[in-house]
Amino acid sequence: MMMSDKCKQHVDSCRFCWMCHHICPVGNATGQERNTARARALGISLVNREAIDLSEIMDNIYECATCGACVHDCKTGWDPVMFTKETRLQAALEGKLPAYINTLVDNCLDTGNAYGKTVMCETLAAAIAAHAAKTETLLFLGADARYMACRQGFKAISVLEKAGVSFTALADEPASGAQLDFLIGAAEETKAQMAAAAKVMDDYATVVVFDPADAKAIKQLYHEYGVETKANVVTFTAYLAELLAAGNLAAKKSDRAVVYQDPYQLSRDLCETEEARAVISAFAELSELHLNRTETIWAGDILMAQYKPDTVKRVAARRIFNATSIGAKTMVTASVGEYVALKSVEQSDVEILSLVDLILD
Ligand code: SF4
Ligand code: SF4
């Protein structure tokens with residue numbers, strides 16, 4: 001495998017280290033050593049030394065959520081997300097992706113979303129059509145809300161309407177490139193998808209990004225990959241906090257006690273932790289989960305659930321257990337993927353709400 005010297009250095013530094021194994025949400029959910037950062041590094045190091053073939057470790061490479069908890073926890077600055085993503089890219093270049101990943105990649109290239117969907121639910125399609133007119137502000141909903149959680153997309157539109165925002169929503173919204181980046185990293189196809197989306201965003205003064213996964217891609221990865229947009233890109237959570245502060249979004253505080261599940265893309269990647277808290281605190285009594293803000297634990301998503309449904313459900317169940325262990329009755333998340341994963345767990349101890357659920361309820 002052609003791996004950069006930089007990644008090889010990180011791999012060889014991680015492969016015999018155990019220091020972050022306790023923090024991995026996937027490893028903790030499965031209880032398997034193979035799911036830790038160091039086990040993944042060990043596998044890659046064997047490929048680098050030509051002891052095994054790349055195809056032999058690819059299932060394990062796709063068991064990483066790239067959530068960055070290990071990177072954040074590492075006291076010596078090594079980066080398992082970097083070498084995991086580079087391995088995915090190399091496997092794509094060498095034609096060694098697992099078949100189930102090839103299907104998701106093909107879907108991204110054919111339809112703009114990994115699920116291969118082309119039709120939104122009627123309610124969301126109508127809400128988007130009502131905002132087809134060109135304005136200065138684009139609401140970027142993202143693939144998960146458009147095709148897998150359309151009620152959440154509809155509610156995002158409703159919240160902006162409630163705040164009196166004049167905005168555009170696109171029936172033919174381009175893919176942000178976030179899903180391709182997860183699947184094959186910084187491939188030319190990923191960058192091309194990102195460049196096409198940036199071109200669409202250039203027509204707007206402000207782009208409000210509903211899904212934290214898309215926000216991370218647009219606000220962080222585009223720049224890393226040499227893709228630029230002229231638009232001012234803001235997260236949905238930060239935009240809501242601004243609307244609240246300006247008095248455009250009316251809030252009535254209830255005595256409902258909630259905890260907030262920080263999406264790692266907002267807290268770790270974009271250093272945004274307080275905006276959602278400002279919004280939640282205007283509507284409910286907020287207390288904190290153990291491991292919050294940059295220490296957050298990933299609670300699952302929709303993309304990885306396409307090929308690891310049981311693992312994702314166990315990850316989500318563990319995060320719900322974190323909430324029950326402090327007596328929390330309601331958990332609020334700002335991530336579409338985490339919302340769907342948390343909701344997929346059969347339990348009645350903790351009510352799962354999205355931020356838009358909380359506002360509209
Ligand atoms: S990321 Fe840091 S703590 Fe984790 S295995 Fe690598 S060197 Fe050890
Ligand atoms: S990025 Fe997340 S899922 Fe992957 S090894 Fe690190 S902690 Fe585990």
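Some notes on this structure:
- Restricting 201, 148 to those that are buried (at least 21 other Cβ atoms within 10 Å of the Cβ), out of contact with any helix residue (DSSP H, G or I) (no Cβ under 7 Å at 6 or more places or on another chain) and not assigned by TED's automatic domain parsing to the domain that holds residue 262 reduces the list to 201.
- Applying the condition of being without any contact (Cβ under 8 Å) to a residue 40 or more places away in the chain and surrounded by 18 or more Cβ atoms within 10 Å (Cβ to Cβ) to segment 44-58 and asking which residue is nearest to ligand 1 (Cβ to nearest atom) yields 45.
- Qualifying positions in segment 297-332 - in contact (Cβ under 8 Å) with a residue 40 or more places away in the chain and among the β-branched types (Val, Ile, Thr): 297, 302, 311, 315, 326, 330, 332
- Filter result for residue 251 (of a type in the set (Gly, Ala, Ser), in a loop (DSSP other than H, G, I, E, B) and closer than 29 Å to residue 323 by Cα): yes
- In the set 186, 217, only one residue is under 21 Å from residue 80 (Cα atoms), surrounded by 14 or more Cβ atoms within 10 Å (Cβ to Cβ) and touching a residue at least 60 places away in the same chain (Cβ under 8 Å); that residue is 186.
- Qualifying residue in segment 324-343 (condition: buried (at least 16 other Cβ atoms within 10 Å of the Cβ), of a type in the set (Phe, Trp, Tyr) and farther than 30 Å from residue 62 by Cα): no
- Residues within segment 281-311 that are among the acidic types (Asp, Glu), in a loop (DSSP other than H, G, I, E, B) and away from ligand 2 (no atom under 16 Å from the Cβ), tallied: 1
Every residue, every condition in (1) more than 29 Å from residue 202 (Cα to Cα); (2) assigned by TED's automatic domain parsing to the domain that holds residue 41; (3) in contact (Cβ under 8 Å) with a residue 60 or more places away in the chain, yes or no:
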site: 77; (1), (2), (3): yes, yes, no
site: 102; (1), (2), (3): yes, no, no
site: 105; (1), (2), (3): no, no, yes
site: 116; (1), (2), (3): no, no, no
site: 141; (1), (2), (3): no, no, yes
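- All positions within segment 28-43 that are away from ligand 1 (no atom under 12 Å from the Cβ), of a type in the set (A, V, I, L, M, F, W, C) and under 10 Å from residue 11 (Cβ atoms): none
- Selected residue [crowded, with 20+ Cβ neighbours inside 10 Å and not aliphatic (A, V, I, L, M)] from 285, 228, 275: 275
- Hits in segment 18-27 - residues which are within 12 Å of ligand 1 (Cβ to nearest atom), surrounded by 18 or more Cβ atoms within 10 Å (Cβ to Cβ) and in contact (Cβ under 8 Å) with a residue 40 or more places away in the chain: 20, 23, 24
- Qualifying residue in segment 83-99 (condition: within 16 Å of ligand 1 (Cβ to nearest atom), loosely packed, with under 15 Cβ neighbours inside 10 Å and either over 21 Å from residue 337 (Cβ atoms) or under 20 Å from the mean Cα position of the chain (by Cα) (or both)): no
The values are calculated or read from the model by the stated rules, or taken from the named source; none is laboratory data. As the structure is a computational prediction, the values presented were derived from the model and not from experiment. No Cβ is skipped: glycine too gets one built from the backbone with ideal geometry, and neighbour counts run over all protein chains shown.
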